[in-house]
Amino acid sequence: MKRRLLTAAAGLLAAGLAAGTASAQAPANLPEYLANITGNTPSNPGDVSTRDLLQLDIGMFSLYDRASTIYRRNILAKHPIILAMFSNQGGNLMLFRPGQAPITAPQVPKVYQILKSTGHSTMAISQVAIPSVNNKADKRWIAPMAAYRVQMKTALDGLDANTDLQADWKPAVKEILANNVAYMDACLAKGEVTLDDLTAFAKKQAANIKLIINWAASTQVKHWMGVMDEWSAMLGPDLAKTYAASNTIYVARQNNILFSVLAQYFGADAINDRLMLIETMGFTTTPEDMLVAMTRIIGDRSVGQLFFGNYHVMDYELMGGDGRKTIIAEMQKRGKQPTLGPAVPFGSKQWPTLITTGPGPTSLDDLK
């Protein structure tokens, strides 16, 4: 009985939706529990038309998803793919070859994570201190700093026993951790965070932090170049038809290490063609998300060639060119010069990040 009533109600609702311009009054002779929810919502042909037109864009995504599954199968059957994904461990590289199981590369040596963790620990202290700096009445920093101080002292006390950190790198790491503990002890004893103390602490740590950043970056790059040496030899001539992608967020877009390593093996002509830098909202992403993005890019290129006669036009915002013209025209109406970047040709092989030279520091070595 319950199922029959639900079915009847659903049928009545569907009938109501089908009659787009009928009255909102419920049909007569219905029990109260149905009369309250039946009836037709008044609408007009213009609203219905707009809804139907907008639905086309929503329906597009299911068609894209279906096509993407087919595209991916076809691409993976013909082309090797390398995914270079950011991770807290220094990256995650995967190699997909037609008809073979994926290969996951070995991780960067753990010393990379130790060096990064050490540098981050000093930055983390500043995040506790800065919100309360020069505010003696603010005591919110005390509990988190005291808790972090316990973790810091534990790490410092066990450093000599560490076997992943090479001996000649230990003194710098030990000094950073010891300075961290000393600064936190001083703040906790004083009961306040002052700008003078925080500035002195930052200057004291800067040289060693710069040093361990250099060691961490060198460790990471040497590891992944070793992996790419092996994979390049394994792929042989198939490297010339291999696709690759690395993910990035804004802060890691300039000098992206994984993309930069891949570029050494793919060459300049592959940039923005077979070698892609895919921007994401987070530091990490999944292999599935990366494959979906790559498939969409490659599939859209064929659509661009079909409709516009250019294989790379869909790599760019299609409305961007006309939007650019409108911006220029609107700024001229306002008597102002537009602020726009250069019009980059479709299929550009330029480095996909900031590359224009100019004055100012470009690395830690340039900073004084």
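Worth a mention:
- Residue pairs meeting the criteria (Cβ under 6 Å; at least 6 apart or on separate chains; first in the same structural domain as I298 (by TED's automatic domain parsing) and touching a residue at least 60 places away in the same chain (Cβ under 8 Å), in the stretch 78-93; second surrounded by fewer than 19 Cβ atoms within 10 Å (Cβ to Cβ) and in a helix (DSSP H, G or I)): H79/K241; P80/L235; P80/D238; L83/P287
- Qualifying positions in the stretch 258-291 - among the β-branched types (V, I, T) and either assigned to a loop (DSSP other than H, G, I, E, B) or more than 14 Å from the chain's Cα centre (by Cα) (or both): V261, I271, T280, T284, T285, T286
- Listed conditions (1) in contact (Cβ under 8 Å) with a residue 24 or more places away in the chain; (2) more than 30 Å from Q205 (Cα to Cα); (3) surrounded by fewer than 15 Cβ atoms within 10 Å (Cβ to Cβ) are all met by S68, apart from (3).
- Per the listing L83, L53, L93, the residue uniquely more than 17 Å from V292 (Cα to Cα) and modelled with pLDDT of 90 or more is L53.
- Residue ID - farthest from D65 (Cα to Cα), chosen from residues in the stretch 277-288 that are in contact (Cβ under 8 Å) with a residue 40 or more places away in the chain and surrounded by 16 or more Cβ atoms within 10 Å (Cβ to Cβ): L277
- Check on G335, surrounded by fewer than 18 Cβ atoms within 10 Å (Cβ to Cβ), farther than 24 Å from L93 by Cβ and touching an Asp or Glu at 6+ places or on another chain (Cβ under 8 Å): no
- Any chance A147 is modelled with pLDDT of 95 or more and among the small types (G, A, S): yes
- Looking across the stretch 100-115 at every residue that is without any contact (Cβ under 8 Å) to a residue 60 or more places away in the chain and in a helix (DSSP H, G or I), the one that is surrounded by the fewest Cβ atoms within 10 Å (Cβ to Cβ) is identified as Q113.
- The residue list A216, A244 contains one member that is assigned to a strand (DSSP E or B), aliphatic (A, V, I, L, M), modelled with pLDDT of 95 or more and closer than 23 Å to T104 by Cα, which is A244.
- Of all the criteria given as (1) within 24 Å of the chain's Cα centre (by Cα); (2) modelled with pLDDT under 95; (3) more than 14 Å from L291 (Cα to Cα), the one not satisfied by S68 is (3).
- Any hit, the stretch 296-304, residues being buried (at least 16 other Cβ atoms within 10 Å of the Cβ) and more than 23 Å from the chain's Cα centre (by Cα): yes
- Evaluated against (1) surrounded by 13 or more Cβ atoms within 10 Å (Cβ to Cβ); (2) in a helix (DSSP H, G or I); (3) at pLDDT below 85, T118 falls short on exactly one condition, (3).
- Conditions (1) assigned to a helix (DSSP H, G or I); (2) out of contact with any strand residue (DSSP E or B) (no Cβ under 7 Å at 6 or more places or on another chain): number failed by W231: (2)
- Test: V261 is among the aliphatic types (A, V, I, L, M) and modelled with pLDDT under 95: no
The values are calculated or read from the model by the stated rules, or taken from the named source; none is laboratory data. Since the model is a prediction, treat every value here as computed from it, not as a measurement. Neighbour counts run over all protein chains shown; Cβ positions are idealised from the backbone, glycine included.
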